[in-house]
Each structure stands twice: as C-alpha cells, then as structure tokens.
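*Asks:* The structure follows.
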C-alpha cells in the first residue's frame with residue numbers, strides 16, 4: 001500500500017514539475033529573431049502521403065535472403081522488376097514457327113521454365129515480406145523484334161499472345177504492371193524498320209499489351225484489375241510520347257503515369273502533371289526509377305553519408321507531391337568492384353565479413369518508413385513555410401503528428417512552430433535522426449513541452465548530413481518520463497532545446 005502511495009506521489013510531482021517547467025510557447029518567441037523558423041499548420045493539409053514512395057527498382061539476388069530481409073527491415077514497401085520476356089522464348093524460333101505452333105511452342109510449358117521460375121521467385125520473395133510488386137512488360141524476344149530485344153515486334157498478334165500468357169503466369173504475384181521501359185530512350189526502344197514514329201510505336205505497344213492484360217483479367221473473372229501504367233519516360237520534360245498515349249488509349253487501359261528521375265530537381269513530374277491537368281485527367285504518378293545520377297560510376301550520393309540527406313530530401317518531395325510510388329535505383333547489393341556487373345555501382349546494402357549492412361540511405365528509410373510509420377499506411381502531409389530547408393509536417397496512420405527536416409549543410413538550429421495541434425497541456429516531443437551517429441530507429445532524446453491553445457514552439461539542432469524526425473504526443477507518465485524529468489536519462493546532448 002505504501003509503495004502505491006509513493007508511486008502516486010512521484011507521478012503527481014512529476015506531472016506538476018513538467019507542467020510548470022516545460023518550455024513555454026509564449027516565452028520562446030524571442031528566439032525567432034535569431035533562428036530560421038519552420039512552421040507547420042495542422043489545420044491545412046496539403047495532400048495524402050503514399051506508403052509506396054519507399055520503394056526500389058531491382059532486387060537482391062533470390063539466394064540472398066539476408067539482403068531481402070535487410071531491405072524489408074528498412075521499410076521498403078514496393079519493388080519494380082521486369083518480366084524479362086526476352087529470356088523465356090529463346091532458341092531456334094521464328095515468327096512463322098511460333099504462329100504455326102511448331103513443337104507446341106505456344107504452350108508456356110515449353111518455354112524457358114528456369115527464367116520463368118526465377119522471376120516468380122523474385123516476386124514471391126517480395127510478397128513473403130509484404131512488399132508490393134510492379135511488374136514490367138519487357139523486353140522483346142530477338143526473333144520477334146525488328147532489330148533485337150529492344151525493338152518493336154514484327155508481328156503484333158504474336159506479341160499479344162506472348163504478353164497474355166506471360167501476364168497470366170505472373171498475375172498472382174504483381175500489384176501493378178508497367179508497359180516497357182524508357183521508350184523515349186533509343187537504347188531501350190529501337191524503332192528501326194517499324195515504319196512508325198517513336199510515339200506511334202509506343203502507343204501501339206502499350207495498347208496491344210494492355211488489351212492482352214485486360215483479356216486475362218476478363219477471363220479470370222475475379223474482379224481484380226491490376227493497374228496498368230506507363231510510359232516509364234526517361235525524359236519527363238518532353239511530352240510527345242505522353243501526349244500521343246493519353247489521346248489514343250482509352251482511360252480504361254491507362255491507370256497511371258510513370259517516369260524516371262535521374263539528375264533532376266523535383267518535382268520532376270511537373271511537365272507531365274501539366275499535361276494531365278490540360279486533359280482533365282486525374283491519374284496517379286509513379287517515379288519508378290530515381291537516383292542522383294544514372295551514370296555507371298562510383299557516386300558519393302550512394303555510398304557516403306551524403307546519401308542520407310539526399311534521399312531524405314527526395315522522399316520529402318515525393319510525399320509533398322502526392323506521388324503514388326517511387327522506386328530508388330537500386331535495391332541490389334552494392335559491389336562497385338565487381339568486374340562482371342557494372343550496375344553494381346548502384347545498390348542499397350553491402351556485405352562485410354559475410355554480414356549484410358545497409359548503406360547510409362538505409363537509415364533514411366528506417367526513419368521515415370518504419371520509425372515515423374509513413375511506410376505503414378496512408379498519411380496526411382502538411383507543407384511548411386520554409387524555402388531553404390527541406391521539410392514537411394505529417395500525421396501518420398497511428399494519428400501521430402510530427403515534422404521531418406533534411407539537412408545536407410553544416411549543423412544548424414531551427415525554431416519549430418507547430419500550430420493547430422489537437423491537444424493542449426503538457427506533451428512529449430520525441431526526436432529521432434538518421435545520421436552518421438544515429439540509425440534512424442533509436443530514440444535520440446525526448447523533452448516535455450507545454451502546448452498552449454494548440455500551439456507549441458521549440459528549437460531543434462539538425463546535424464550536418466542528417467534527417468531529423470520529430471513526433472509530438474500527449475504526456476505519458478512512465479519510468480522513462482521520470483528519468484528524463486529528474487535528469488536520470490542516459491541520453492546526453494539532446495537535439496531538442
């Protein structure tokens with residue numbers, strides 16, 4: 001009985017102390033003259049944030065289960081991977097032999113089953129970890145194309161049949177399907193000998209593939225229509241392919257617009273968005289590949305701490321822009337010294353002493369997707385008033401309110417002003433950070449503040465090359481709170497001032 005009374009007394013004293021000693025919104029305004037102010041008004045929602053912005057293009061090898069576990073633990077929510085159609089129909093095949101069904105070649109059981117099983121295993125690895133899948137219809141069997149695997153089919157009927165049967169195989173595993181990759185890039189879309197312009201050729205390819213896909217959906221009759229997206233443009237500042245596509249393809253076949261963002265300022269989708277607005281179309285936008293550069297060379301924005309604020313700033317832009325999904329290139333093993341595969345200069349994790357370690361950008365994913373729960377479900381996104389510091393306000397699926405700040409420059413302090421919070425009284429501010437010193441998941445520190453009339457101010461130190469996430473919640477009296485108030489916490493140098 002005495003211990004219960006003592007606990008109640010301590011709890012009451014702690015609450016009294018916190019309530020009367022928490023930083024005061026009214027008295028901290030003097031700091032505004034000296035610090036940059038970042039303000040969030042939680043009464044003015046800008047858009048909804050999609051959990052699928054924490055995606056990736058390409059994947060770990062199917063045998064690298066530790067790599068798969070690492071990207072899942074980091075909060076990767078979707079992967080993009082092609083069907084690799086060019087690999088499943090190889091050998092002594094011609095258009096005529098396929099049309100005449102020589103050796104029963106039209107039966108998928110006579111195709112390259114190893115290649116088919118490989119892609120199925122990739123998709124299954126994702127599904128086993130609740131990671132969604134964007135499948136890509138690409139590329140062309142060389143015997144079917146006019147000029148190799150990146151070219152136009154010489155027979156559209158054969159192409160229709162192959163897409164239909166391939167889609168049926170992979171349909172149970174995929175959530176979205178994209179038609180081709182970078183048709184505005186001659187290296188991936190060769191129109192030689194087709195007698196079609198580039199935009200005509202892509203529209204034809206999209207239409208035939210989409211009709212094949214929808215024919216399977218109709219035959220399956222399970223009320224499942226997988227969204228079809230395109231054009232996966234490499235140069236979204238040019239709109240000729242998109243213009244021709246949206247004016248010649250029925251809206252029932254085009255369910256989303258996709259593009260790539262390499263070496264581009266955001267919003268890289270601005271020009272595409274203007275086309276959609278002009279045509280009065282409300283279609284989701286997918287950034288299905290992005291990175292600082294597409295060049296195959298060692299890049300500090302991939303392997304150094306610069307990757308933390310770089311990816312943080314990008315993800316903030318995608319969330320503020322209401323992007324449906326975004327796929328970082330790439331989610332594979334980073335192995336730049338591998339002489340066999342030059343794409344290994346891209347990646348998301350490394351292997352040291354036979355152990356998997358995330359590259360620095362993995363901390364950004366952990367912070368935003370997992371710790372702040374923005375990858376767990378749809379969120380509400382709020383603009384800030386800052387033009388100098390990448391930042392946003394959010395309400396996650398758990399109802400937690402907070403703010404994210406990305407900083408590539410030297411360490412600085414900013415004054416945070418949160419308005420129209422739902423609760424007044426004493427609240428707890430919890431700080432997390434992705435940086436050279438912090439993993440994005442561990443609590444950096446917490447402070448108690450007094451919320452007056454739904455508003456609160458406090459200062460935050462944002463380290464160089466970091467992303468800081470702040471969550472504010474009503475005060476909860478527990479052992480950790482008592483330790484913080486009485487100065488017994490083991491955390492020092494709290495970034496909240």
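The values are calculated or read from the model by the stated rules, or taken from the named source; none is laboratory data. Note that the structure is a prediction, hence the values are computed from the model and not measured. When we count neighbours, we look across all protein chains shown, and the Cβ atoms used for this are built from the backbone with ideal geometry, even at glycine.
*Asks:* State yes or no: is residue 200 under 20 Å from residue 85 (Cβ atoms) and in a helix (DSSP H, G or I)?
*Replies:* no
*Asks:* Residues 200, 178: which one is surrounded by fewer than 21 Cβ atoms within 10 Å (Cβ to Cβ) and either under 29 Å from residue 325 (Cβ atoms) or at pLDDT 95 or above (or both)?
*Replies:* Among 200, 178, only 200 is surrounded by fewer than 21 Cβ atoms within 10 Å (Cβ to Cβ) and either under 29 Å from residue 325 (Cβ atoms) or at pLDDT 95 or above (or both).
*Asks:* Of all the residues that make up the stretch 307-334, how many are without any contact (Cβ under 8 Å) to a residue 40 or more places away in the chain and either within 14 Å of residue 80 (Cβ to Cβ) or surrounded by 23 or more Cβ atoms within 10 Å (Cβ to Cβ) (or both)?
*Replies:* Number of matching residues: 0.
*Asks:* Related question: Could you list, in sequence order, all residues of the stretch 254-263 that are part of a loop (DSSP other than H, G, I, E, B) and surrounded by fewer than 17 Cβ atoms within 10 Å (Cβ to Cβ)?
*Replies:* 263
*Asks:* Here is a further query. What number of residues within the stretch 98-117 satisfy the criterion of being assigned to a helix (DSSP H, G or I) and either in contact with a strand residue (DSSP E or B) (Cβ under 7 Å, 6 or more places away or on another chain) or touching a residue at least 24 places away in the same chain (Cβ under 8 Å) (or both)?
*Replies:* Residues meeting the conditions: 5.
*Asks:* Turning to a different aspect of this structure: Kindly provide the set of residues from the stretch 318-338 that are part of a helix (DSSP H, G or I) and either outside the structural domain of residue 131 (by TED's automatic domain parsing) or within 18 Å of residue 232 (Cα to Cα) (or both), ordered by number.
*Replies:* 318
*Asks:* Another question, if that's okay. Name every residue in the stretch 397-429 that is surrounded by fewer than 22 Cβ atoms within 10 Å (Cβ to Cβ) and closer than 19 Å to residue 380 by Cα, in order of residue number.
*Replies:* 397, 398, 399, 400, 417, 419, 420, 421, 422, 423
*Asks:* Among the listed residues 241, 228, identify the single one that is under 20 Å from residue 85 (Cα atoms) and either at pLDDT 95 or above or crowded, with 23+ Cβ neighbours inside 10 Å (or both).
*Replies:* Result of the check over 241, 228: 228.
*Asks:* Looking at residue 267, is it free of Cβ contacts under 8 Å to residues at least 24 places away in the same chain and surrounded by fewer than 21 Cβ atoms within 10 Å (Cβ to Cβ)?
*Replies:* Taking the combined requirement at face value, the residue does not satisfy it.
*Asks:* Among the residues of the stretch 87-102, how many are over 14 Å from residue 145 (Cα atoms), over 30 Å from the mean Cα position of the chain (by Cα) and surrounded by 13 or more Cβ atoms within 10 Å (Cβ to Cβ)?
*Replies:* The qualifying residues number 3.
*Asks:* Need a quick list: strands (runs of 3 or more DSSP E) entirely within the stretch 406-477 having at least 2 residues that are under 21 Å from residue 384 (Cα atoms), in contact with a strand residue (DSSP E or B) (Cβ under 7 Å, 6 or more places away or on another chain) and modelled with pLDDT of 95 or more.
*Replies:* The strands (runs of 3 or more DSSP E) meeting that bar are 412-419, 425-434, 456-462, 466-474.
*Asks:* I would also like to ask the following. So which residues in the stretch 65-86 are farther than 18 Å from residue 132 by Cα and either buried (at least 18 other Cβ atoms within 10 Å of the Cβ) or not assigned by TED's automatic domain parsing to the domain that holds residue 232 (or both)?
*Replies:* Answer for the stretch 65-86, where residues must be farther than 18 Å from residue 132 by Cα and either buried (at least 18 other Cβ atoms within 10 Å of the Cβ) or not assigned by TED's automatic domain parsing to the domain that holds residue 232 (or both): 84, 85, 86.
*Asks:* How many residues does the stretch 218-246 contain that are without any contact (Cβ under 8 Å) to a residue 40 or more places away in the chain, closer than 15 Å to residue 269 by Cα and in contact with a strand residue (DSSP E or B) (Cβ under 9 Å, 6 or more places away or on another chain)?
*Replies:* 3
*Asks:* Among the numbered criteria (1) touching a helix residue (DSSP H, G or I) at 6+ places or on another chain (Cβ under 7 Å); (2) touching a residue at least 40 places away in the same chain (Cβ under 8 Å), which one does residue 304 miss?
*Replies:* (1)
*Asks:* Collect the residues in the stretch 118-141 that are part of a loop (DSSP other than H, G, I, E, B), closer than 20 Å to residue 154 by Cβ and touching a strand residue (DSSP E or B) at 6+ places or on another chain (Cβ under 7 Å), keeping them in residue-number order.
*Replies:* Answer for the stretch 118-141, where residues must be part of a loop (DSSP other than H, G, I, E, B), closer than 20 Å to residue 154 by Cβ and touching a strand residue (DSSP E or B) at 6+ places or on another chain (Cβ under 7 Å): 138, 140.
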